[in-house]
């Protein structure tokens, strides 16, 4: 099992990093929060040009049929820059849902357009995703439960702790599919979304570590940078260790999903728990090191802090994922 990035994956991450840095995502996010989505849509089109929106789409539908680890690489970089929009939904979950379902008409209608960046997708899945993220912006809105898949009709828009993120109540629209095939497709889509969410959390955690380390080297107290104080060093080191320990779990889960191993469900939940825990620790430490300044928008922390707080409660709670891990381990012991 290879858990290190290949040369191609490192290049993908580098290209994405350069493109997103040039795009000034913090400014894009501020405008997205005020319902000015034009700059954000421009970035999404540039992601399509790089193939990101087609990573999880099969080649026959115009995508790249990439390995789940490639999707993880891309989503980690998108999380590192706190790109607004339904990333886990459109880049991972919706393509996997439609592909697994295997309905030729649905795939023909939507997958080529998702891959080309013409369509942004989102979904609500009861009870795990009661609201659809940015459904008022997305072109394709789906609503699913354990047995049925329908088009979603966006309704009341709710605010999230992340002001770039809109949670939208979705009513039932036209029935698209029903039966056991939907059950399997929804399960795979939830795992794909949880894996992409974990990657975003890991990327955001790394961004906070970089920002906080830089601040600790610049902020002086008692005549020297606060980064020289042992207590601050220990806090930053704990964050770095947590992030480094989470990454192998993330890539191991991507391999397990690709190989459809019996442990894939457990591995996805383990990655999600580890990445969320590490990102939340990075958020707490960033606020501790920055002090009161960390709560001000001028600190630049808000994009990552609020994104982490929101994503850590999306695609299943920590307790739900820990329950899946426990259930899998108990089943293994009884087998």
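A short reminder: the numbers here are calculations on the coordinates, not readings from a lab. The structure displayed is predicted, hence computed values, not measured ones. Positions of Cβ are generated from backbone atoms using ideal geometry, with glycine treated the same way; all protein chains shown enter the neighbour counts.
Things to note:
- Mean ellipticity per residue at 222 nm, deg cm²/dmol - from DSSP H runs of n ≥ 4 across the chain, formula -39500 (n - 2.57): -19500 deg cm²/dmol
- Pairs of Cα atoms nearer than 8 Å and 6+ residues apart set the relative contact order; for the chain it is 17 percent.
- Rg over Rh [alpha-carbon atoms, Kirkwood Rh] for region 198-334: 1.08
- The share of Cα pairs per 10 Å bin across the chain, counted from zero up to the longest distance, runs 6, 27, 35, 23, 8, 2, 0 percent.
- In plain terms, the residue of 298, 108 with the fewest other Cβ atoms within 10 Å comes first and the most crowded comes last, giving 298, 108.
- For the chain, the longest principal axis of the Cα atoms and the long axis of helix 180-218 meet at an angle of about 10 degrees.
- Neighbour counts of other Cβ atoms within 10 Å put 5, 149, 195 in the fewest-to-most order 5, 149, 195.
- Fewest-first ranking of 50, 329, using other Cβ atoms within 10 Å as the exposure measure: 329, 50
- Out of every Cα-Cα pair that region 75-146 contains, those further apart than 14 angstrom amount to 60 percent.
- Gained length - residue 309 relative to residue 22, 0.36 nm times residue gap less alpha-carbon distance: 100.7 nm
- The calculated Kirkwood hydrodynamic radius for region 1-96 is 13.8 Å, given to one decimal from all distinct C-alpha pairs.
- Potential lengthening of the chain between residue 222 and residue 116 amounts to 32.6 nm, from the contour at 0.36 nm per residue minus the alpha-carbon distance.
- Share antiparallel - DSSP beta bridges, the chain, percent rounded to 5: 75 percent
- Shape analysis of region 7-183 places it in the oblate category; the axes a ≥ b ≥ c from the Cα gyration tensor give an a/c of at least 1.5, with a/b not above b/c.
- Gain on full stretching of the segment that runs from residue 171 to residue 146 - 0.36 nm per residue minus C-alpha separation: 7.4 nm
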